[in-house]
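See structure below.
The values are calculated or read from the model by the stated rules, or taken from the named source; none is laboratory data. On a predicted model such as this, the values are computed, not experimentally measured, just so you know. Backbone-built Cβ (ideal geometry, glycine too); neighbour counts: all protein chains shown. Surface areas here come from the heavy atoms of the whole protein model, side chains and all, with no ligands, DNA or RNA. Shrake-Rupley method; radii C 1.70, N 1.55, O 1.52, S 1.80 Å.
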Amino acid sequence: MMKEKQTRYSDGPVVEEAKPKLQKPQLYKVILLNDDFTPMEFVVVVLERFFHKNREDATRIMLHVHQKGIGVCGLYTREIAETKVRMVLAFAREQQHPLQCTMEPE
Ligand code: TYC
């Protein structure tokens, strides 16, 4: 077992052990934007289906976006966030809703 981080050789140089560095990945906010046409119920379903929100949280987030114009659905690493955005947009277009979804660094 490694007990000390520094080893001092008499009065000589202090030797530092290399610290193993694990970088935390940059996280991205996945964002929903309000519009006048997408039904509230559809947005709630999107939040349940793609962001694993329960109905209560999904409704709260949908109403926040409806009232403020923008809102965060969740925080994800870049590739997961990109996939969520694509899936939401594909689902909305399939149902012919103009819902907009995007991402930005945390
Ligand atoms: N504003 C929409 C309506 O009144 C509801 C809505 C909420 C649409 C959130 C988009 O991201 C959205 N039907």
Pairing a residue in the range 55-67 that is more than 8 Å from the ligand (Cβ to nearest atom) with any residue that is open to solvent by less than 50 Å² (accessible area, probe 1.4 Å) and assigned to a helix (DSSP H, G or I), where Cβ atoms lie under 6 Å and the two sit 6 or more apart in sequence or on different chains, gives 58/44; 58/47; 59/44; 61/47
How many residues of the range 35-49 are out of contact with any strand residue (DSSP E or B) (no Cβ under 8 Å at 6 or more places or on another chain) and of a type in the set (A, V, I, L, M, F, W, C)? The answer is 5
